[in-house]
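One structure below.
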Amino acid sequence: MRALLTPEPTLSFSSIQINSRNPNPSRTWTSLHFLNRDGRHRLLGLKESDTRNPSLSSTYRNSKLLKPNQTVLEAQARVCTGPTQTRPLSEEQTFKVLDTILRSVRGELKDEEQVSKAQLGAFFAGMTIRANAFPEATQWSEGERCAMKKFWPLLVRALPPDVIFIADPEGSIMGLGSAVGPQFVGNGTSEMRLETQGVLKDVLTLKLEDGKSNGVSESLLSAFLIGQRMNRETDRELKAYCLAFDELGPAPVADVRSLTHYGEPYDGNTRYFRSTLFVAAVRSCYGESSLLHGVEWMPPKGGVTEEQMLKFMGAKTNLSLHQGKKFIEAEEVGFAYISKREARPSLYSLIGLREQIKKRPSLATTEKVQQFIRAKGRESIVAGFYHEGYEEPLLKLMKRRGVHSGLVVKGEEGALSMTTRLRSASKGLPVNHCPGFRSVGIESACEVDGVSRQSFRLEVNAMDYGFEPTDTPRTNRSVSKNIELGLAALRGEKGPAYDRIVLNAGIVDHLLGCDGAEDESLALERAKEAIDSGKAHKRLLNYIKMSHKVK
């Protein structure tokens, strides 16, 4: 039996037997212990079969997913991006990529060396969009043109028709005329209508099987997803993506006076402490319920997520929407985490394809503004963002959702966590930039025309609220380190993690217009009291315990 599964000196594991009430008493469980100066505190454990030494976020990637070809993936990182961020390839780089693609479609590469259909679709879509629509500086380089001129006569005889269509839809880009692209009509109505934003819902709410999604090839679907992101989605297209999340009908309604939906980036944090799980435990202590949602692992970052932390601490992470509703309503808990795997399984099935296209698709924006569970009382949405220009589309999506209040936060790594560190000189919007809106009066936010909303935009300076400037704790993909920092803070240990949890609970309460948070100092004080009294720590432990009992 392993006594130690992670390198952190403050974590250890020991074996216990399931008690006699368990129908399978022979199964061994592993209990997770956290050590501090006052002694040892035990949490509920993971089954031995689930441990996998899950200290790093990278270990949570599903091993059944096909790994992308790294040569082509590196090229996608350069060419499948925006009109100002694209970095053209040199002739040598392009030669290497096209040679890899040619050998793959000829069947000369095996297993992980193969270039997937999704990669072919994404790469050639990026190249086509650059040739047709990008500014001169990010169009094809001379080296790319030379390499393509050499390889296209060979590629056009080896590539499948849908990829040729993506690469040269009108037969005019490559120089060597080909009738394949102009004559391509797709296989069935789904492929023929793929460019129409009005049928996004039909295309995206599907499971991928044998390289096809409801008759749509991976090549076309990946080209479609990456193409919309490169061209920057319109408001109507983003709205259509949101509709794809409504596939299961009306959401359960929790009997609570207030519910905040937290939209953290699904691909997690790779560098810094991620505080939202612990913030939810704090806010639940004074009646501000929270719904967190996400996945266990998501590309392109594959960082630390709430699902990884909850699973590492022994909580069940497969709650149904109705079970999540019970957690939110439970007086001893008051918050819930819902996995996209349970909430929207068909969209969850696109994770493998999302890894193959390298860049975040439009889904990465719209999945952050979901309401998988509704509330009888007021509702708010908080979402993180990184790239300037997405704050207004996110707020517009929130208003379309009919919530009373909405907030977007430029936190560290594009996550929700505001920081207490000093601002560093950088281009663009600063960290802690917070645009948002809140409803004024008692009107129902669902009646959009009858709601008076107050908009705001500010940069939160933690020092204005009495916080000392501190560097953000680095976790470097360590799930256990993130948990260690969060639990130490919930046990009252003062420091950077404690400050960030207090800041992100109190200031968010204030910005959303929550009851009792009209004054920022009072909002921060009640967050501190929730921690210092031990209530928030107990709420998190209650969540773990309840996850094994709820039906």
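Which shape class applies to the stretch 253-549: rounded if a/c is under 1.5, otherwise prolate when a/b exceeds b/c and oblate if not, where a ≥ b ≥ c are the square roots of the Cα gyration tensor eigenvalues?
The shape class here is rounded.
What percentage of the solvent-accessible surface of the stretch 253-549, computed with a 1.4 Å probe over protein heavy atoms, is contributed by carbon and sulfur atoms?
Values: 4720 of 9930 Å².
The value for the stretch 253-549 is 47 percent carbon and sulfur by accessible area.
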Points 7 angstrom from Cα along the Cβ direction at Glu112 and Asp99: gap in nanometres?
-> 2.2 nm
Relative contact order for the stretch 273-328: what is it in percent, counting Cα pairs under 8 Å that are at least 6 residues apart?
-> 26 percent
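Below 8 Å between Cα atoms, with a sequence gap of 6+, how large is the relative contact order for the stretch 253-549 in percent?
Numbers: 632 pairs, mean separation 69.0, N = 297.
For the stretch 253-549, the relative contact order is 23 percent.
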Point-to-point label distance, Asn318-Arg423, nm (Cα→Cβ direction, 7 Å offset) = 4.8 nm
For Ser58, placing the label point 7 angstrom along Cα-to-beta-carbon and taking the stretch 282-315, residues whose amide nitrogen sits under 12 Å are 302-303
Out of every Cα pair in the stretch 270-378, what percent are spaced more than 16 Å from each other?
-> 61 percent
Considering only the stretch 253-549, what is the antiparallel percent among its DSSP beta bridges, to the nearest 5?
-> 40 percent
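Determine the per residue accessible area of the stretch 253-549 with all protein chains present and a 1.4 angstrom probe, expressed in square angstrom. Please report the intermediate quantities before stating the final value.
Details: 9930 Å² over 297 residues.
Solvent-accessible surface per residue comes out at 33 Å².
The values are calculated or read from the model by the stated rules, or taken from the named source; none is laboratory data. Bear in mind the structure is a predicted one, so any value in this text is a computation, not a measurement. Every residue, glycine among them, receives a Cβ derived from its backbone with ideal geometry; neighbour counts consider all protein chains shown. Quick note on the areas: whole protein, heavy atoms, side chains included, nothing else; ligands and nucleic acids left out. Shrake-Rupley method; radii C 1.70, N 1.55, O 1.52, S 1.80 Å.
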